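Derivation of every value follows stated rules applied to the coordinates shown; laboratory data play no part. Remember, it's a predicted structure, so these values are computed and weren't measured experimentally. Methodologically, a virtual Cβ is constructed for each residue, glycine included, from the backbone with ideal geometry; neighbour enumeration extends over all protein chains shown.
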Amino acid sequence: MELRQLRYFLKAKELLNFTEAAKVLNISQSTLSQQIKQLENELDVPLFNRVGKRITLTEAGEIFSEYAFQSINRANDGLLVLQDLKNLNKGKITIGVIYSMRILFAQTLIAFARQYPDIKIQVVFGTTIDLLEKLNLHQFDFILTFHDHSREPHLKYQKLLSSNMVLVTGKQTPLAKKSSISLNEVAELPLALPFSGYSTIQFFVKSFSQKNLDPNICMEINDIPTLFEIVKTGHWHTILSATSVNDPEVTAINIEGKDMKRTIMIISLKEAYEKKAVTKFCELLHKMHTQGL
């Protein structure tokens, strides 16, 4: 059963004349008759009484017409919904974001929401491990995260920006006057670091290990604003991506070394259909934040 056949049937029902219905539909009468006959054969019941050149609806035709009408309307409604999606007048996107990107991401989120107010946006912040796991379960349209590992063949990777890794210290500390600091110096400082599930701490544990350094990690905290409060005391310091630092009471000091720059990626499932809203959001991310690549 095809929508085309339902449209033909409803027009014939409306005009009760195959010839007139065929003219309105811009098809031949034989085509119309053939399509309705095929529909009747599929339903195994006549929809029209044919008396000479006149036609009338059978009881079955009368009943079926209500459902045919509903089917056409539902199909039209579906078409309108798809057009709305295409024109960004409707839809939903779900995005996973690492905590280090919350500041820059918020800028894009505000700009996108103002430009496309009818698109519903769901944002989930998490660690790289958690976000990748949920992406593989199709819970996100895409995620924003650091990526330092080998690439998975089923994932699509788009470079967004590079970010320096920095030591974050209180404004009042002697360190605040430094423009850069070595990893050896960092290892000697009392550190309050992001929780072990975070990509940043994993990156630095590996970096310390490669240089046979034993860092003085005093605390692990899974909340960046809380880390800033700890750092402001001047007794502890933390290590973050430069993209994370926007508190006026702390200072970010570049950590020396060619490997102290990391790349933030837009990662999505390669075979998944990319919604137009997702395409537009990613385009806006690139427009607002692509740098240093």
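In the chain, the convex hull through the Cα atoms has an average projected area of 21.4 nm², a quarter of its surface area. Summary value for the stretch 95-142: 58 percent relative contact order, contacts being C-alpha pairs under 8 angstrom separated by 6+ residues. Take the Cα of residue 263, step 7 Å toward its Cβ, do the same at residue 188, and the gap between the two points is 3.5 nm. Rounded to the nearest Hz, the phi-derived 3J(HN,Hα) couplings of the stretch 256-265 under the Karplus curve 6.51 cos²θ - 1.76 cosθ + 1.60 (θ = phi - 60°) are 5, x, 5, 9, 8, 10, 10, 9, 8, 10, where x marks glycine and proline.
Other residues lying with their Cβ under 10 Å from the Cβ of residue 255 contribute a combined charge of -2, Lys and Arg counting +1, Asp and Glu -1.
FRET efficiency for the residue 270 to residue 67 pair, using the beta carbon distance and R₀ = 45 Å, is estimated at 0.65.
Calculate for the chain the 222 nm mean residue ellipticity that helices alone would give, adding -39,500 (n - 2.57) per DSSP H run of length 4 or more and normalising by residue count, nearest 500 deg cm²/dmol. Helix contribution divided over all residues of the chain: -13500 deg cm²/dmol. With the gyration tensor restricted to C-alpha atoms of the stretch 164-261, the semi-axes of the equivalent ellipsoid amount to 18, 15, 13 Å, longest first. By DSSP, the beta bridges lying fully in the stretch 164-261 are antiparallel in about 55 percent of cases.
Relative contact order of the chain, taken over Cα pairs closer than 8 Å and 6 or more residues apart, is 22 percent. In order along the stretch 227-243, the phi-based Karplus estimate (6.51 cos²θ - 1.76 cosθ + 1.60, θ = phi - 60°) of 3J(HN,Hα) comes to 4, 4, 4, 5, 5, 4, 5, x, 8, 10, 9, 9, 10, 9, 6, 4, 5 Hz; Gly and Pro are listed as x. Length available on full extension from residue 171 to residue 1: 0.36 nm per residue minus the Cα-Cα distance, which gives 53.9 nm.
When you restrict to C-alpha pairs under 8 Å that are six or more residues apart and normalise by the size of the stretch 168-293, the relative contact order lands at 35 percent.
Within the same chain, lysines fewer than 8 places from residue 280 are excluded, and of the rest, those with a Cα less than 26 Å from its Cα are 86, 90, 92, 120, 134, 156, 159, 270.
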